[in-house]
Amino acid sequence: DVSSPKHGKVDPLNMPHVGGNMWAGGTGGRDTAGLGGKGGPYRLDAGHRVYQVSQAEKDAVPEEVKRAAREMGEKAFKQRLKEIQMSEYDASTYERFSGAVRRQVQSLRVILDNLQ
């Protein structure tokens, strides 16, 4: 069951973590920032293979936990914007321009990685 969203512990060795309720950047778990899980406050990619919980499990997360996760995610987003000295308007403008060329940038990254 989910209880309350949190960032989770950071693994100094960046080992892959699947399931559970402890590690930031894990996959398929609960309550912590990561990918493929349920009840976490925001997505956090540690570069590992993603294990996805079912949509039924995600739908079963209580509304108060979903609300708390959204609030925590919004707070973390605003804090990050403050750290990089960016306003919410700047972020939305950046996202609009970035989204328009995202596929081309990804293709270019693949080409450059292959050249290296």
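The values are calculated or read from the model by the stated rules, or taken from the named source; none is laboratory data. Quantities reported herein were computed from a predicted structural model and do not represent experimental measurements. Please note: Cβ atoms are built from the backbone with ideal geometry, for glycine as well, and neighbour counts cover all protein chains shown. Surface areas here come from the heavy atoms of the whole protein model, side chains and all, with no ligands, DNA or RNA. Shrake-Rupley method; radii C 1.70, N 1.55, O 1.52, S 1.80 Å.
Values as computed for the structure displayed
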quantity: Residue that is nearest to Met15 (Cα to Cα) [pool: residues in the stretch 37-79 that are among the polar types (S, T, N, Q) and in a loop (DSSP other than H, G, I, E, B)]; calculated: Gln52
quantity: Hey, Thr27 crowded, with 16+ Cβ neighbours inside 10 Å and either closer than 16 Å to Asp1 by Cβ or not assigned by the TED database to the domain that holds Asp1 (or both) or not; calculated: no
quantity: Lone qualifier among Glu74, Glu57 - being at pLDDT 95 or above, of a type in the set (Asp, Glu) and within 28 Å of Gly29 (Cα to Cα); calculated: Glu74
quantity: Subset tally (residues that are open to solvent by 100 Å² or more (accessible area, probe 1.4 Å) and part of a loop (DSSP other than H, G, I, E, B)) for the stretch 80-91; calculated: 1
quantity: Test: residue in the stretch 9-23 that is buried (at least 16 other Cβ atoms within 10 Å of the Cβ), free of Cβ contacts under 8 Å to residues at least 40 places away in the same chain and under 26 Å from Ala91 (Cα atoms); calculated: no
quantity: Options Ala60, Ala46, Ala33; residue that is more than 15 Å from Lys6 (Cα to Cα), under 16 Å from the mean Cα position of the chain (by Cα) and assigned by the TED database to the domain that holds Ser4; calculated: Ala46
